[in-house]
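The next block holds one structure in the form of structure tokens; read it before the comments.
The values are calculated or read from the model by the stated rules, or taken from the named source; none is laboratory data. As the structure is a computational prediction, the values presented were derived from the model and not from experiment. So basically every Cβ, Gly included, is an ideal-geometry build from the backbone, and we count neighbours across all protein chains shown.
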Amino acid sequence: MNDRFLRACRREPVDCTPVWFMRQAGRYMEDYRALRQRYSLLQICAEPELAVAVTLQPVDLIEVDAAILFSDLLLPFTPMGLDFDFVKGEGPSIAHPIRHASDVRRLRVFDPRQALAHVLTTIRMLRCELADRVPLIGFGGAPFTMASYAIEGGPSTTYAKTKAFMYAQPEAWHDLCGRFAAVMSEYLVAQIEAGVEAVQIFDSWAGQLSRTDYREFALPYSRRIFEAIAGKGVPIIHFGVGTTAILPDLAAAGGDVIGVDWRLPLDEAWERIGADRGIQGNLDPTLLLGQPDRLFDAAADVLRRAGGRPGHVFNLGHGVLPNTPLENVQALAKHVHAWRA
Ligand code: CP3
């Protein structure tokens, strides 16, 4: 078994730095685009055979050291009573976004083993298919990021509706995040029982909050999830974008490895996180759209800043962009594996 990803998560020495990519399966891949001609994103997520095939595409084509379950962060919305769909070119669209405390009270805390049984089936099938080639990562959303989609109704640049709800109706906000924390904890425990070997918690938009607000409105609910899954024997990665100002707070909320974007040099980010945690990152995904020389120099800079210290998982600072050339992703993974101090 290629276990260098799991070893790095546990801050053990590795033969070379492990690498995987957020959104390593997706639109930049021809096979994925071909499948999307015939099936919607939600159909792929709902059909284990399809989700397994998409999960394996990057494992077969790129030298990645981990597979990530093909699914979507928002799948728990439907069984909670929040209908949504993906609109081409716009992203997720929630039919009736949360506006009032009564909308929050209507949300169901459901049993993931029933409502999301197909995801757990996908995980079991993947463990067989992967046959210990590389470990399988499961994932879920932190309450702040989940709440932001539920309230905005889709993507946002300012998160004004989310913050207005938080400030104007704090009790309803706490109720909402408590429900997301309960749902996510159960869902992630179920994923671990089904066989995922590591878990990533996406708090993609936590960086929108001031430090004070993160501590009051987000951290306590994220921490509940970490407490529910810590001690289950799988490493946990805690990721967010634009989190430069709140890195110590993310680490305080939980996670064996903290995922960082490209805004801070990796060594500075690691200093803020603390030497008792691993770090994942942190190349700007846009570099994959430019010249190979610059890409490799930037990757080498990330690796140099990690300095061979155990606990570094190479990744991008956010997901692979849709128009990325596959060859660049393949070459980057090779470059990371070949790199020596
Ligand atoms: O390869 C992997 O990383 C695993 C698959 C994965 C998907 N979504 C599939 C997907 C993962 C880990 C996610 C997580 C996810 N989903 C997040 C957190 C990660 C992040 O980006 O910070 C969020 C915020 C979502 C919600 C979501 N899903 C949005 C906002 C969008 C639209 C944005 C876009 O890129 O178009 C999606 C769609 C989505 N989920 C795609 C994929 C591969 C796009 C491809 C398609 O439409 O076929």
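Residue under question is VAL234, and the condition is that it be more than 20 Å from ARG211 (Cα to Cα), part of a loop (DSSP other than H, G, I, E, B) and either touching a helix residue (DSSP H, G or I) at 6+ places or on another chain (Cβ under 7 Å) or at pLDDT below 95 (or both); does it hold?
yes
Do we have any residue at all in segment 49-59 that's buried (at least 17 other Cβ atoms within 10 Å of the Cβ) and either touching a His at 6+ places or on another chain (Cβ under 6 Å) or basic (Lys, Arg) (or both)? Lay out the reasoning, then the answer.
Taking segment 49-59 and keeping what is buried (at least 17 other Cβ atoms within 10 Å of the Cβ), we get 50-59.
Subset that is either touching a His at 6+ places or on another chain (Cβ under 6 Å) or basic (Lys, Arg) (or both): none.
No: segment 49-59 contains no residue that is buried (at least 17 other Cβ atoms within 10 Å of the Cβ) and either touching a His at 6+ places or on another chain (Cβ under 6 Å) or basic (Lys, Arg) (or both).
Determine whether segment 128-150 contains at least one residue that is surrounded by fewer than 18 Cβ atoms within 10 Å (Cβ to Cβ), within 20 Å of the chain's Cα centre (by Cα) and closer than 28 Å to GLU49 by Cα. Can you show your working first?
Taking segment 128-150 as the starting set, the residues that turn out to be surrounded by fewer than 18 Cβ atoms within 10 Å (Cβ to Cβ) are 128-129, 131-133.
From what's left, within 20 Å of the chain's Cα centre (by Cα): none.
Checked against the condition, which is being surrounded by fewer than 18 Cβ atoms within 10 Å (Cβ to Cβ), within 20 Å of the chain's Cα centre (by Cα) and closer than 28 Å to GLU49 by Cα, segment 128-150 yields no hits at all.
Among the listed residues PHE144, PHE165, identify the single one that is in contact (Cβ under 8 Å) with a residue 40 or more places away in the chain and within 14 Å of the ligand (Cβ to nearest atom).
Criteria check complete, one pass: PHE144.
Does segment 126-156 hold any residues that are in contact with an Asp or Glu (Cβ under 8 Å, 6 or more places away or on another chain) and either of a type in the set (A, V, I, L, M, F, W, C) or part of a helix (DSSP H, G or I) (or both), and which are they?
VAL134, LEU136, ILE137, ALA142, PHE144, THR145, listed by residue number.
Identify all residues within segment 44-63 that are aliphatic (A, V, I, L, M), away from the ligand (no atom under 11 Å from the Cβ) and free of Cβ contacts under 8 Å to residues at least 40 places away in the same chain; write none if there are none.
Within segment 44-63, LEU50, ALA53 qualify.
Residue by residue, here is whether (1) out of contact with any His (no Cβ under 8 Å at 6 or more places or on another chain); (2) among the charged types (D, E, K, R) holds:
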site	(1), (2)
PHE110	yes, no
LEU116	yes, no
ARG127	yes, yes
SER156	yes, no
TYR187	yes, no
ILE192	yes, no
GLU197	yes, yes
ASP203	no, yes
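State all residues of segment 307-341 that are surrounded by 21 or more Cβ atoms within 10 Å (Cβ to Cβ) and either more than 21 Å from ASP60 (Cβ to Cβ) or modelled with pLDDT under 95 (or both); if no residue qualifies, say none. Explain how you work it out, then say what you get.
Residues of segment 307-341 surrounded by 21 or more Cβ atoms within 10 Å (Cβ to Cβ): 311-318, 320, 324, 329, 332-333, 336.
GLY311, HIS312, GLY317, HIS318 - these are the residues of segment 307-341 that are surrounded by 21 or more Cβ atoms within 10 Å (Cβ to Cβ) and either more than 21 Å from ASP60 (Cβ to Cβ) or modelled with pLDDT under 95 (or both).
Restricting attention to segment 1-43, which residues are touching an Asp or Glu at 6+ places or on another chain (Cβ under 7 Å), under 19 Å from ILE123 (Cα atoms), more than 10 Å from the ligand (Cβ to nearest atom) and part of a loop (DSSP other than H, G, I, E, B)?
Scanning segment 1-43 gives MET1, ASN2.
Check ILE192 against each of (1) closer than 17 Å to ALA147 by Cβ; (2) out of contact with any helix residue (DSSP H, G or I) (no Cβ under 6 Å at 6 or more places or on another chain) and name the one condition it does not meet.
Evaluating ILE192 over (1) closer than 17 Å to ALA147 by Cβ; (2) out of contact with any helix residue (DSSP H, G or I) (no Cβ under 6 Å at 6 or more places or on another chain) leaves (1) as the failure.
Those residues that are out of contact with any Leu (no Cβ under 6 Å at 6 or more places or on another chain), buried (at least 23 other Cβ atoms within 10 Å of the Cβ) and within 23 Å of MET1 (Cβ to Cβ), I need them from segment 199-234; list them, please.
Scanning segment 199-234 gives a single hit, GLN200.
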